[in-house]
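Working notes, structure below.
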């Protein structure tokens, strides 16, 4: 089933509960990530690059886009399970790429858990490839935005 209309727009504060619920349904909320804090941090840095996708007024997709002047980043790309296989994630990514191109971004990076083969295949179908790098991380703060 193709949605009648899919509309992508910037996140608004009133969207927070619906977006967090979407992330939970999609399995994106893990113990080390506080979605409320993640949203608060994003709203302080390029809030216009935090996107939601709607069908008939309901939030069914999200994408946090980032750019720090060197690389673009994609986080929290999500589409409600009942709306998958309709091209919505592809449309979210196309929109994100347009925004990043407009600011002169030369490359997009993203991270996918190695166990998520379906999502890796999705990104590969969009032209992404595995970079020969190791992703390292260090948590600086655990409890506050």
May I ask you to list the residues in the range 97-112 that are outside any helix (DSSP H, G or I) and out of contact with any helix residue (DSSP H, G or I) (no Cβ under 8 Å at 6 or more places or on another chain)?
103, 104, 105, 106, 107, 109, 111
Output the residues belonging to the range 1-37 that are in contact with a helix residue (DSSP H, G or I) (Cβ under 9 Å, 6 or more places away or on another chain), in a helix (DSSP H, G or I) and in contact (Cβ under 8 Å) with a residue 60 or more places away in the chain.
36
Hey, can you tell me all the residues within the range 67-86 that are surrounded by fewer than 20 Cβ atoms within 10 Å (Cβ to Cβ) and free of Cβ contacts under 8 Å to residues at least 40 places away in the same chain?
67, 68, 69, 70, 71, 73, 75, 82, 84, 85
Tell me yes or no: at least one residue of the range 64-71 is closer than 26 Å to residue 30 by Cβ and not in a strand (DSSP E or B).
yes
Six or more apart or on different chains, Cβ atoms under 8 Å: show the pairs whose first residue is in the range 122-137 and in contact (Cβ under 8 Å) with a residue 12 or more places away in the chain and whose second is in a loop (DSSP other than H, G, I, E, B) and surrounded by 10 or more Cβ atoms within 10 Å (Cβ to Cβ).
123/112; 135/111
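Read the figures in this text as sums done on the coordinates, not as results from a lab. The shown structure was predicted, so the numbers you read here are calculated from the model rather than taken from an experiment. Because the Cβ atoms are built from the backbone with ideal geometry, glycine has one as well, and the counts that use them run over all protein chains shown.
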